[in-house]
Ligand SMILES: NC(=O)c1ccc[n+]([C@@H]2O[C@H](COP(=O)([O-])OP(=O)(O)OC[C@H]3O[C@@H](n4cnc5c(N)ncnc54)[C@H](O)[C@@H]3O)[C@@H](O)[C@H]2O)c1
């Protein structure tokens, strides 16, 4: 990290902390919220659908590098609102539209940073998908941009808006579990093992592959590194550790009221079961985050779909009185002790109302109007992304790594620093906003 960049980071984060809970708006949106979507195929469309189910929301524009999804989603929007949006293949042209109050960004992780920064600069509020970005450095510049331009920026970590998650976290924070000595997160998903490799092939018609790669290194087109499966390659994503890691680790950060990085992070793992598949990720990874008086442990197993407490993914807070286990369907507590020494009665499963995503969208819309910080303000998402990236960087370096948040770098570890930085392919560059 160059001294200039580091100085810039220090100033930016100090400034970020000083921001009041209510953001000032340079221009108030009118009664109807006019939105647009960049990245239309998967989650971006899932987000937009829920926006369009809300009153007084209109989609004016869509942007995608793939004609297939651009045209398909234009029809879907027509069906929902009775009017076709304008279509763009270049997000920079899309962002020139003056009528957009807010934009949804549903692109792969390597394409979260620049559109977010440029949307903020153009005076638009942003709902960007998780993880915040593909490197720690990008996350920091995005946070700075949100604050610099006074924008409402929320991140698609919808568990923050889930009622049953809020209740579970409150239960933990109220001290019911006694002394919490360990927080566990696990994500066991079939897709985390990758899938069989296939040869490179010509770029499909209607796809602007150069724009899909964007700041990532140039390489021949391969379907297994493209739509959806990009998450298994470092240039575009971070595998299960970042894909599910930000959602689940964020619950630990929230429950334990963590404000900064762990004392250290170490990891083991490897591609033990899926070694011939198209993936650069470990299919098996265990990460230990060190704190003074408790431990946090991340674990993922790609290629299987079963796990502890009968759940293939989840969070568990292990306390002296009981263990609280939660996933997207419910939370429950298993009490500790026996007979007269029963320290806590079990709490039966408390079901989710499955409204997390709808609530998250509603919270953002509300915050655009009130200029309040959203349920998953960008600073919350930045910390969750930091933890997820620390897990991957510890795994990739094989070192016990210590992140120095004040200096925005690792302690004596240039190898890890390199993995924390964005390495953009020209002509793309990460702005310094100085
Ligand atoms: N919140 C959640 O629960 C959740 C769930 C799934 C995915 N996600 C996140 O959503 C994002 C998208 O994931 P996905 O599975 O939908 O990916 P995807 O590959 O299915 O879709 C990405 C879309 O972005 C488009 N795109 C790529 N580069 C672009 C560019 N430069 N300009 C415009 N469009 C571009 C692609 O053509 C594609 O249509 C990821 O960050 C992912 O982590 C979040």
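The values are calculated or read from the model by the stated rules, or taken from the named source; none is laboratory data. Quick caveat: nothing in here was measured; it's all calculated off a predicted structure. So basically every Cβ, Gly included, is an ideal-geometry build from the backbone, and we count neighbours across all protein chains shown.
What's the number of the condition residue 151 fails, among (1) surrounded by fewer than 23 Cβ atoms within 10 Å (Cβ to Cβ); (2) away from the ligand (no atom under 14 Å from the Cβ)?
Condition not satisfied by residue 151: (1).
Tell me, which strands (runs of 3 or more DSSP E) lie completely within the range 285-382 with 3 or more residues that are under 21 Å from the mean Cα position of the chain (by Cα)?
Qualifying strands (runs of 3 or more DSSP E): 295-302, 313-319.
Where the second residue is away from the ligand (no atom under 13 Å from the Cβ) and at pLDDT below 95 and the first is part of a loop (DSSP other than H, G, I, E, B) and lies in the range 208-228, which pairs have Cβ atoms under 8 Å and are six or more apart or on separate chains?
From the range 208-228, the pairs are 222/278.
In the list 339, 335, which residue meets the criterion of being more than 29 Å from residue 142 (Cα to Cα) and touching a strand residue (DSSP E or B) at 6+ places or on another chain (Cβ under 9 Å)?
335
Looking only at the range 64-91, which residues are more than 9 Å from the ligand (Cβ to nearest atom) and either modelled with pLDDT under 95 or out of contact with any strand residue (DSSP E or B) (no Cβ under 7 Å at 6 or more places or on another chain) (or both)?
Scanning the range 64-91 gives 67, 71, 72, 75, 76, 78, 79, 80, 82, 83, 84.
For the range 154-192, give me each residue that is within 16 Å of the ligand (Cβ to nearest atom), out of contact with any helix residue (DSSP H, G or I) (no Cβ under 9 Å at 6 or more places or on another chain) and in a loop (DSSP other than H, G, I, E, B).
Across the range 154-192, there are no qualifying residues.
Identify the residue in the range 229-254 that is within 11 Å of the ligand (Cβ to nearest atom) and in a loop (DSSP other than H, G, I, E, B) and, among all such residues, is farthest from residue 311 (Cα to Cα).
Only one residue fits best here, namely 236.
Within the range 93-117, count every residue that is over 15 Å from residue 212 (Cβ atoms), within 15 Å of the ligand (Cβ to nearest atom) and out of contact with any helix residue (DSSP H, G or I) (no Cβ under 7 Å at 6 or more places or on another chain).
So the count comes out to 5.
Quick check on this structure: which one of 274, 295 is in the same structural domain as residue 196 (by TED's automatic domain parsing) and either modelled with pLDDT of 95 or more or surrounded by fewer than 18 Cβ atoms within 10 Å (Cβ to Cβ) (or both)?
Just a single option satisfies the conditions, and that option is 295.
Mind listing whichever residues of the range 126-147 are more than 19 Å from residue 46 (Cβ to Cβ) and outside any helix (DSSP H, G or I)?
Matches in the range 126-147: 133, 134, 135.
Hey, any hits in the range 44-63 for a residue that's over 19 Å from the mean Cα position of the chain (by Cα), closer than 27 Å to residue 203 by Cα and within 10 Å of the ligand (Cβ to nearest atom)?
Yes, the range 44-63 has at least one match.
Could you list, in sequence order, the residues of the range 51-103 that are within 16 Å of residue 123 (Cβ to Cβ) and touching a residue at least 40 places away in the same chain (Cβ under 8 Å)?
60, 91, 94, 97, 99, 100, 101, 102, 103
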